[in-house]
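Below: one structure, written as structure tokens.
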Amino acid sequence: MKIFGVILLLISTLIPISLIAHDQNHTEVITKVKIEHEDEIKKEAKEEIKEPSKNIQTLDSKIVIGEIETVKITPPKVTMKARIDTGATTTSVDARDIVEFERDGKKWVKYTIVSGKKEFKLESPIDRTVMIKRHSEKAQERFVIKMRVTIGPKTELIDVTLADRSKYKFPVLIGRNFLKDYFIVDVSRSNILKTK
């Protein structure tokens, strides 16, 4: 009987120990998962904050940019080659099938952006119209819309004119409205910055 009592006593003391050990392991697993999840969130947050790369050249706190650079335009969130032109006031993007229409009493424009073999049919509210005259050509009316433009570490929501640039080498022309205050252009170089 005494032996049976001793066995019961041993069993009763062992069960809580194993349960506690199990609970501690369980807690450790939860803590580990929580820490890993927090690290993931911090990593994502760091990725969202685009810091200028240490490899980016600057002069008087302005980023040095080449005459030709890769840009990302949104919409439609595509990358294209662009000519950097300090002589142009406004940035211009190659657009086809440009048609004005009305929506809820406001002026909108339908247009197509061509990137490689892909075509993106888009609609945007018209911000304003401008008259553009190039050399001996007749003045042309162009629609101005808002687009998000990214070059290297810099993203700006700016005015962009829509124009058929199919006869030009580069589908995007970056003007002073994007460059001012941020960039210095080195015309002797191209593709200095990386745009994701």
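Bear in mind these aren't lab numbers, they're just calculated from the coordinates by the rules spelled out. Predicted model only: the values in this text are computed from it and were never measured. No Cβ is skipped: glycine too gets one built from the backbone with ideal geometry, and neighbour counts run over all protein chains shown.
For residue 167, project a label point 7 Å along Cα to C-beta. Then give me every residue of segment 68-101 with its amide nitrogen under 17 Å of that point.
Hits in segment 68-101 for residue 167 at 17 Å: 93-98.
Would you mind ranking 187, 71 so that the residue whose beta carbon has the fewest other beta carbons within 10 Å leads the list? Provide the component values of the computation, followed by the final result.
Values: 187 11, 71 23.
Arranged by neighbour count, lowest to highest, 187, 71 become 187, 71.
Kirkwood Rh over alpha-carbon pairs of segment 58-186, then Stokes-Einstein at 4 °C and 1.567 mPa s: what D in µm² s⁻¹, rounded to an integer? Don't jump to the answer; show the numbers that get you there.
Numbers: Rh = 15.2 Å.
Translational diffusion coefficient: 85 µm²/s.
For segment 153-196, which chymotrypsin sites (Phe, Trp or Tyr not before Pro) pass both filters: DSSP loop (anything but H, G, I, E, B) and at most 13 other C-beta atoms within 10 Å?
Working: sites: 168, 178, 182, 183; in loops: 168, 182.
Here the chymotrypsin sites (Phe, Trp or Tyr not before Pro) that fit, given the DSSP loop and packing criteria, are 168.
Each label point is 7 Å from the Cα along the Cα-to-Cβ direction; what then is the distance between the points at residue 188 and residue 155, in nm?
Spacing of the two 7 Å Cα→Cβ label points: 3.4 nm.
At most 14 other Cβ atoms within 10 Å and a DSSP loop assignment: could you name the GluC sites (Glu not before Pro) in segment 88-192 that fit?
Details: sites: 100, 102, 119, 123, 137, 141, 156; in loops: 137.
The qualifying sites are 137.
If you stretched the chain out fully between residue 112 and residue 81, how much longer would it get, using 0.36 nm times the residue separation minus the C-alpha to C-alpha distance? Don't skip to the end; give the middle numbers.
Details: separation 31, 0.36 × 31 = 11.16 nm, distance 1.71 nm.
My answer for the length gained is 9.4 nm.
Order these by the 10 Å Cβ neighbour count, fewest first: 89, 161, 58. Spell out each step's value before the answer.
Values: 89 14, 161 23, 58 11.
By the 10 Å Cβ count, ascending: 58, 89, 161.
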